[in-house]
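Chemist: A single structure is presented below for examination.
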Amino acid sequence: MNLHQSILGCLLGTAVADAVGLKREGLSRERAQRMYGGAPLEASLVFGRALCSDDTEHTLMVGRALALSAGCVEKFEQAFAADLRKWLLTCPAGIGLATLRACLKLLLGFGPSRSGVFSAGNGPAMRAALIGVWAQDDAALVDLVKASTRMTHTDPKAAAGALIVARAARLARTATQLDPRQFLAEQAASGEEDELRTRLESAVAALDRGDSCGDFARSQGWTRGISGYVNQTVPAALYCWARSPHDFRECVESAVLLGGDTDSVAAIAGGVCGAHLGSDAIPRQWLAQLAEWPRTTAWTGHLAQSLADAANGPKWAGPPPMHWLASLPRNLLFATIVLGIGFRRLLPPY
């Protein structure tokens, strides 16, 4: 698969998986099952149409920064920080506390290398897959992931989780014979973060036993769903990918049905899986239900092409603009829908 198709698969895979998981975010797997049922799932937030959360928005901003910087870390930091400042001013709903604090620091004039706060949230991991797909080698991948991570999160756990997601996506793009189980085993053997290494070792053992994604989550004590803590999010997402690396729908549905932070877990799994399978593997129904605006699927295709052009040569048209003014009414609508869903959750079934 060529680079453009892999980038497009990662971008659309992240967006669609985010949209499928968004409606169930914050619910335990049992209550989500009672309220919305099981597979097959739809990308439906309201009236059969779907929107994306900050998981997708951050991935798109990272994509623009990669294209504008052509991989130069300092320029990448500057471009990503500039978009994060503007993004915060559009009043995005559901922003994580660590990301909020970091963006406020950016607005107050802190540089991108000093704006991060000490947190092990999954924000850097949710936007890392695209870096792995686009980076030219592992050294560039590491530098870009570190720059992306420290802008919002300074806990080494956040960086370790984001790094393994990026490397998984790079493997998904480049491997001719994909073996996620071997990848997880190698990452566990070389990992420096104790808890993440233990989780990955458990994932490898669970794969060898043939455990389902739900069985693996229960074995880790994640009975209420997967939290936004990076050492839950990343092992859970990569386990879903490892169980179904050649079936995009099954990979994403498995992640969503775990409960908890469903949009982020699914977005990571979908981004990695899409990087390997390309956009043609994404269910057409899910893509048709995606009603994002102003950053539409066509806009995403433009970004994918600009990223491929930036990687392949010095002459390229540049990424599309984010259309920040149009994001304000979009975010107002999104917040209204999310608030309505929140009120609905006050009612049975419990």
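The values are calculated or read from the model by the stated rules, or taken from the named source; none is laboratory data. It should be emphasised that the depicted structure is a prediction, and the values quoted were computed from it without experimental measurement. Cβ atoms come from the backbone with ideal geometry, glycine included; neighbour counts cover every protein chain shown. SASA here: full protein model, heavy atoms, side chains in, ligands and nucleic acids out. Shrake-Rupley method; radii C 1.70, N 1.55, O 1.52, S 1.80 Å.
Chemist: So how compact is the range 1-54: Cα radius of gyration and Dmax in angstrom?
Modeler: 13.4, 42
Chemist: In a Gaussian network model over the chain where Cα atoms closer than 10 Å are linked, find which of Phe80, Phe216, Phe118 has the largest mean-square fluctuation.
Modeler: Its mean-square fluctuation being the largest, the pick is Phe118.
Chemist: Sequence gap at least 6, Cα distance under 8 Å: using those rules, report the relative contact order of the chain to the nearest whole percent.
Modeler: 30
Chemist: Roughly speaking, what is the stretch gain from Asn312 to Glu74, that is 0.36 nm per residue apart minus the C-alpha to C-alpha distance, in nm to one decimal?
Modeler: 83.7 nm
Chemist: Per residue Cα convex hull volume for the range 171-215, in cubic angstrom?
Modeler: Cα convex hull per residue, to the nearest whole number: 88 Å³.
Chemist: Could I ask something else about it? Gain in length, Ala82 to Glu30, computed as 0.36 nm per residue apart minus the alpha-carbon separation, to one decimal in nm?
Modeler: 14.7 nm
Chemist: So how do Ser115, Ser212 rank on accessible area, 1.4 Å probe, biggest first, that is with the largest at the start?
Modeler: I get Ser212, Ser115, largest accessible area first.
Chemist: Same structure, new question: Just need log10 I(q)/I(0) for the range 221-284 at q = 0.19, 0.27 Å⁻¹, Debye formula, equal scatterers on the alpha-carbon atoms, no solvent, rounded to two decimals.
Modeler: Result of the Debye calculation: -0.59, -1.08.
Chemist: Further question: Of Pro40, Pro180, Pro319, which has the largest mean-square fluctuation in a 10 Å C-alpha GNM of the chain?
Modeler: Residue with maximal mean-square fluctuation among Pro40, Pro180, Pro319: Pro40.
Chemist: Here's a follow-up. Accessible area per residue, 1.4 Å probe, Å², for the range 26-179: what's the number?
Modeler: 38
Chemist: Separate question: Report relative contact order for the range 105-196 in percent, whole number only (criteria: Cα-Cα under 8 Å, sequence separation at least 6).
Modeler: 33
Chemist: Using a basic spin-label model with each label point 7 Å from the Cα along Cα→Cβ, how many nm lie between Ala288 and Ser190?
Modeler: 4.3
Chemist: In whole Å, what three semi-axes, largest first, describe the equivalent ellipsoid of the chain built from its Cα gyration tensor (square root of 5 times each eigenvalue)?
Modeler: They are 26, 24, 20 Å, listed largest first.
Chemist: Where does the chain land at 222 nm, in deg cm²/dmol rounded to the nearest 500, when only DSSP H runs of n ≥ 4 count, each adding -39500 (n - 2.57), divided by all residues?
Modeler: Computed ellipticity for the chain at 222 nm equals -20500 deg cm²/dmol.
Chemist: How large are Rg and Dmax for the range 228-337 when only the alpha carbon atoms are used, in Å?
Modeler: Computed over the Cα atoms of the range 228-337, radius of gyration and Dmax are 16.1, 45 Å.
Chemist: Additional query: Mind grabbing the base-10 log of I(q)/I(0) for the range 81-212 at q = 0.10, 0.12 Å⁻¹? Debye formula, identical points on the C-alpha positions, no solvent, two decimal places.
Modeler: Debye output, listed in q order: -0.37, -0.52.
Chemist: Please report, as a whole percent, how much of the solvent-accessible surface of the chain comes from carbon and sulfur atoms (probe radius 1.4 Å).
Modeler: Carbon and sulfur: 56 percent of the exposed surface of the chain.
Chemist: Can you give me the relative contact order of the range 9-95 as a percent, contacts being Cα pairs under 8 Å and 6 or more apart?
Modeler: In percent, rounded to a whole number, it is 29.
Chemist: If you average over every viewing direction, what projected area does the convex hull of the Cα atoms of the range 70-126 give, in nm²?
Modeler: If I average the Cα hull's projected area over directions, I get 4.2 nm².
Chemist: Using Cα positions and a limit of under 14 Å, work out the aspartates and glutamates in reach of Lys75, with same-chain residues fewer than 8 apart set aside.
Modeler: Partners found: Asp83, Asp143.
Chemist: Only residues of the range 83-99 count here: report those whose backbone N is under 18 Å from the spot 7 Å along Cα→Cβ of Phe110, or say none.
Modeler: Under cut-off, by backbone N: 83-89, 95-99.
Chemist: How large, in Å, is the range 1-144 by the Kirkwood hydrodynamic radius built from its alpha-carbon pairs?
Modeler: About 16.7 Å, per the Kirkwood formula over Cα pairs.
Chemist: A further question on this structure: Could you sort the peptides 194-201, 124-131 by per-residue average Cβ neighbour count (10 Å cutoff), highest mean leading?
Modeler: The peptides rank, most packed first, as 124-131, 194-201.
Chemist: Given a 10 angstrom Cα cut-off, can you work out which residue in Asn231, Asn122, Asn312 is the most mobile in a GNM of the chain?
Modeler: Comparing Asn231, Asn122, Asn312 in a Gaussian network model of the chain, the most mobile one is Asn312.
Chemist: Sticking with this one: Enumerate the calculated ³J(HN,Hα) couplings along the range 332-346 in order (Karplus 6.51 cos²θ - 1.76 cosθ + 1.60, θ = phi - 60°), each rounded to whole Hz, writing x wherever the residue is Gly or Pro.
Modeler: Those phi angles translate into 5, 4, 4, 5, 5, 5, 5, 4, x, 5, x, 5, 4, 5, 6 Hz.
Chemist: Could you sort 292-298, 265-271 so that the peptide with the highest average Cβ count within 10 Å comes first and the rest follow in order?
Modeler: Highest-to-lowest ranking by the protection proxy: 265-271, 292-298.
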